[in-house]
Amino acid sequence: MNANLEDALNSVQAVQLGILGLGTVGSGTLNVLTRNADEIARRAGRPIRVTRASVRDLSRARLCDTSGVALTTDPYEVIDDPKIRIVAELIGGTTLARELVLAAIRRGKHVITANKALIACHGNEIFAAAEKKRVIVGFEAAVAGGIPIIKAIREGLAGNRIEWLVGIINGTSNFILTEMRDKGRAFGDVLKEAQARGYAEADPTLDIEGIDAAHKLTILAAIAFGIPLQYECVHVEGITKVTAQDMAFAEQLGYRIKHLGIARRGVGGIELRVHPTLVPVRRIVANVDGVMNAVLVKGDAVGHTLYYGAGAGADPTGSAVVADIIDVVRALTLDPKNRVPHLAFQPSSLAGSMPILPMGQTETACYLRLHAEDRPGVLADVTRILGNLGISIEAMLQKELVKGETHVPVILLTQRVQEAAMDQAIANIEALPAIRGPVVRLRMETLS
Ligand code: NDP
Ligand code: HSE
């Protein structure tokens with residue numbers, strides 16, 4: 001470092017930071033802050049020092065160097081310390097985390113969090129409290145791990161009317177789907193590996209049932225469209241029902257199954273949905289594998305933009321937490337009125353009346369897999385049902401009859417159709433005596 005700059009930085013007081021939680025993300029954050037301390041001080045204009053951290057179990061070995069950090073099991077020792085100006089909430093969950101974040105705000109602390117569940121479910125309350133106390137709540141790490149997607153949408157695309165965004169926003173699910181497809185591994189086995197690598201949530205149901213992705217989509221939609229956080233309006237499906245068989249059929253038809261979060265301005269409102277989706281193999285998003293995330297954003301002025309990077313893990317998430325910390329340090333001397341609004345739009349301008357469309361009114365193309373009796377007339381009955389509801393078939397694949405079987409798998413790809421019409425079609429097809437078992441329906445997006 002340049003000697004003059006070093007002298008100048010040393011002459012200003014370090015900003016003191018307290019961390020709640022030193023697990024995967026907390027350790028990653030402390031490691032990044034320690035390893036890159038000089039670079040960070042040069043960027044922030046002042047050194048940043050972690051002086052206190054709280055954990056649940058003091059005897060647990062840490063994946064970071066905690067020398068110089070006073071460790072406690074009482075998070076209030078951290079937020080009550082008058083010298084600490086910024087508190088990083090890296091515990092997770094929505095009960096204790098909400099209580100601590102609101103308590104820190106009441107004490108006038110700036111807060112950084114990686115907790116998407118907290119922001120999606122209680123963000124409206126938290127941001128209102130923060131605005132009252134004129135403190136910042138940073139949440140870059142809450143969406144897409146290390147990708148600076150909040151900053152990109154909130155600031156980089158601020159001149160645009162965002163039309164839609166589509167993202168692979170759960171690293172654990174993407175890791176599982178990739179390993180199942182590429183290596184034929186079993187779902188449960190890959191999930192265990194994702195947990196061991198620190199990708200999964202404390203309760204991995206949040207990952208595999210799509211809830212974590214829905215939390216993130218809630219946040220992205222709010223900052224993209226200027227609407228309040230409305231987690232309860234997201235249609236949520238996870239990856240637990242995706243089979244190796246459907247992955248193989250999709251590949252034969254030129255598609256790959258990805259777990260996507262989709263937010264789109266529709267005719268009568270906004271679509272908010274999270275589900276496994278067939279994407280053409282030639283699209284970049286179809287080739288985002290493992291724990292990597294990607295978010296494709298369409299703005300009216302900029303066109304398509306794509307953001308890619310590690311969606312989970314200690315250092316990538318630490319990178320996002322530290323970026324928020326630096327932003328707060330830079331803003332310490334700024335008039336609060338001139339700060340970037342938490343949800344990108346001025347709080348008084350959030351469009352609470354913009355409706356979120358019920359799933360039945362959304363439109364997608366579909367992949368259907370059915371088990372049909374292998375005799376003449378059965379497929380004609382199926383296509384008649386679809387035709388009567390105005391659903392056009394794009395492609396069809398019928399597998400050969402296996403010896404000793406009476407039914408064959410049939411795969412149909414349809415054109416875009418309203419979800420409610422497809423629900424009706426599926427019910428009618430399942431009622432045919434020649435169809436065995438439920439019809440599998442996966443949505444498709446061309447992303448063109
Ligand atoms: P971990 O489970 O690895 O760490 C949680 C930390 O919080 C631990 O240090 C734990 O203490 C402490 N803690 C847990 N419960 C309590 C409690 N009741 N009282 C006090 N301390 C407690 O979680 P992660 O680091 O993976 O996740 C933290 C947050 O970051 C979550 O909101 C998660 O959704 C989010 N996130 C995680 C990412 C990842 O890749 N893992 C990526 C992006 C966001 P102890 O260590 O003693 O048990
Ligand atoms: N469990 C989350 C995921 C962590 O797998 O994407 C990152 O938010």
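Within region 147-172, work out how many residues are closer than 24 Å to K109 by Cα and touching a helix residue (DSSP H, G or I) at 6+ places or on another chain (Cβ under 7 Å). Outline the logic, then answer.
First, pick out the residues of region 147-172 that are closer than 24 Å to K109 by Cα: 148, 150-151, 154-155.
Cutting the leftovers down to touching a helix residue (DSSP H, G or I) at 6+ places or on another chain (Cβ under 7 Å) gives us 148, 150-151, 154.
Matching residues across region 147-172 total 4.
Based on what the data block shows, is N31 closer than 17 Å to G313 by Cα and more than 8 Å from ligand 1 (Cβ to nearest atom)?
Working: closer than 17 Å to G313 by Cα: yes; more than 8 Å from ligand 1 (Cβ to nearest atom): yes.
The answer is yes for N31.
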- Task: Residues being within 16 Å of ligand 1 (Cβ to nearest atom), open to solvent by 50 Å² or more (accessible area, probe 1.4 Å) and at positive phi: count how many of those fall in region 138-192.
- Result: 0
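Any chance region 199-212 includes a residue that's part of a helix (DSSP H, G or I), touching a strand residue (DSSP E or B) at 6+ places or on another chain (Cβ under 8 Å), away from ligand 2 (no atom under 11 Å from the Cβ) and not small (G, A, S)? Spell out the reasoning first.
From region 199-212, those part of a helix (DSSP H, G or I) are 205-208, 211-212; that's our starting set.
Then drop every residue that is not touching a strand residue (DSSP E or B) at 6+ places or on another chain (Cβ under 8 Å), which leaves 211.
Okay, now just the ones that are also away from ligand 2 (no atom under 11 Å from the Cβ), so none.
Looking for residues that are part of a helix (DSSP H, G or I), touching a strand residue (DSSP E or B) at 6+ places or on another chain (Cβ under 8 Å), away from ligand 2 (no atom under 11 Å from the Cβ) and not small (G, A, S), one finds none in region 199-212, hence no.
Given the residues L229, L272, L217, which is the only one that is at pLDDT 95 or above, touching a Cys at 6+ places or on another chain (Cβ under 7 Å), surrounded by 22 or more Cβ atoms within 10 Å (Cβ to Cβ) and in the same structural domain as V166 (by TED's automatic domain parsing)? Quick ask: steps written out before the conclusion?
Working: L229 fails: touching a Cys at 6+ places or on another chain (Cβ under 7 Å); L217 fails: touching a Cys at 6+ places or on another chain (Cβ under 7 Å).
None of the other options fit; the residue is L272.
Which residue out of A323, A425 is modelled with pLDDT of 95 or more, open to solvent by 30 Å² or more (accessible area, probe 1.4 Å) and not in a loop (DSSP other than H, G, I, E, B)?
Result: A323 is the single residue among A323, A425 that is modelled with pLDDT of 95 or more, open to solvent by 30 Å² or more (accessible area, probe 1.4 Å) and not in a loop (DSSP other than H, G, I, E, B).
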- Message: Looking at (1) more than 11 Å from ligand 2 (Cβ to nearest atom); (2) within 24 Å of M444 (Cβ to Cβ), which one does Y231 not meet, given that it meets all the others?
- Response: (2)
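One line per residue, one yes/no per condition, for (1) open to solvent by 60 Å² or more (accessible area, probe 1.4 Å); (2) within 16 Å of ligand 2 (Cβ to nearest atom):
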residue	(1), (2)
G26	no, yes
T29	no, yes
A41	no, no
R49	yes, no
V55	no, no
L58	yes, no
R62	no, no
T72	no, no
V78	no, no
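Can you go through T29, T51 and tell me which one is modelled with pLDDT of 95 or more and part of a helix (DSSP H, G or I)? Before the answer, list the steps.
Values: T51 fails: part of a helix (DSSP H, G or I).
After applying the criteria, what remains is T29.
Would you mind stating whether A351 is in contact with a Pro (Cβ under 9 Å, 6 or more places away or on another chain) and either among the polar types (S, T, N, Q) or touching a residue at least 60 places away in the same chain (Cβ under 8 Å) (or both)?
So A351 passes the test.
The rows are residues; the columns are (1) out of contact with any helix residue (DSSP H, G or I) (no Cβ under 9 Å at 6 or more places or on another chain); (2) outside any strand (DSSP E or B); (3) open to solvent by less than 30 Å² (accessible area, probe 1.4 Å); (4) closer than 20 Å to A194 by Cβ.
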{"residue": "L260", "(1), (2), (3), (4)": "no, no, yes, yes"}
{"residue": "G268", "(1), (2), (3), (4)": "no, yes, no, no"}
{"residue": "G290", "(1), (2), (3), (4)": "no, yes, yes, yes"}
{"residue": "T305", "(1), (2), (3), (4)": "no, no, yes, no"}
{"residue": "P316", "(1), (2), (3), (4)": "no, yes, no, yes"}
{"residue": "S319", "(1), (2), (3), (4)": "no, yes, no, yes"}
{"residue": "V340", "(1), (2), (3), (4)": "no, yes, no, no"}
- Checked region 119-147 for anything assigned to a helix (DSSP H, G or I) and within 12 Å of ligand 2 (Cβ to nearest atom); matches are I119, A120, E140, A141, A142
- Query: Do you know which residues across region 113-130 are more than 9 Å from ligand 1 (Cβ to nearest atom) and open to solvent by less than 20 Å² (accessible area, probe 1.4 Å)?
  - Reply: I119, A120, G123, I126, F127, A130
- Message: Quick check on my filter: what residues within region 236-258 are surrounded by 24 or more Cβ atoms within 10 Å (Cβ to Cβ) and either of a type in the set (K, R) or assigned to a helix (DSSP H, G or I) (or both)?
- Response: A250, K258
- Single condition V279 does not satisfy, out of (1) within 15 Å of the chain's Cα centre (by Cα); (2) part of a strand (DSSP E or B): (1)
- Query: Can you spot a residue in region 318-325 that is in the same structural domain as R85 (by TED's automatic domain parsing) and either more than 30 Å from T178 (Cα to Cα) or of a type in the set (K, R) (or both)?
  - Reply: yes
- Count of region 399-420 residues which are touching a helix residue (DSSP H, G or I) at 6+ places or on another chain (Cβ under 9 Å), surrounded by fewer than 16 Cβ atoms within 10 Å (Cβ to Cβ) and modelled with pLDDT of 90 or more: 1
- Note on the structure: G92: passes all of (1) closer than 21 Å to V329 by Cβ; (2) within 16 Å of ligand 2 (Cβ to nearest atom) but (1)
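Identify the residue in region 76-100 that is among the β-branched types (V, I, T) and within 11 Å of ligand 1 (Cβ to nearest atom) and, among all such residues, is nearest to D212 (Cα to Cα). Even if it seems obvious, please write down each step before you answer.
Taking region 76-100 first, the residues among the β-branched types (V, I, T) are 78-79, 84, 86-87, 91, 94-95.
Pick out the ones that are also within 11 Å of ligand 1 (Cβ to nearest atom) and you get 78, 91, 94-95.
On the way: V78: 28, I91: 15, T94: 13, T95: 16 Å.
For region 76-100, the residue satisfying everything is T94.
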- Query: How about region 204-213: which of its residues are within 13 Å of ligand 1 (Cβ to nearest atom) and either assigned by TED's automatic domain parsing to the domain that holds A120 or crowded, with 24+ Cβ neighbours inside 10 Å (or both)?
  - Reply: D207, D212, A213
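The values are calculated or read from the model by the stated rules, or taken from the named source; none is laboratory data. These figures come from a predicted structure and were not determined experimentally. Don't worry about glycine lacking a Cβ; one is built from the backbone with ideal geometry, like all the others, and counts go over all protein chains shown. Each accessible area value is taken on the protein alone, full model and side chains, heavy atoms only, with ligands, DNA and RNA left out. Shrake-Rupley method; radii C 1.70, N 1.55, O 1.52, S 1.80 Å.
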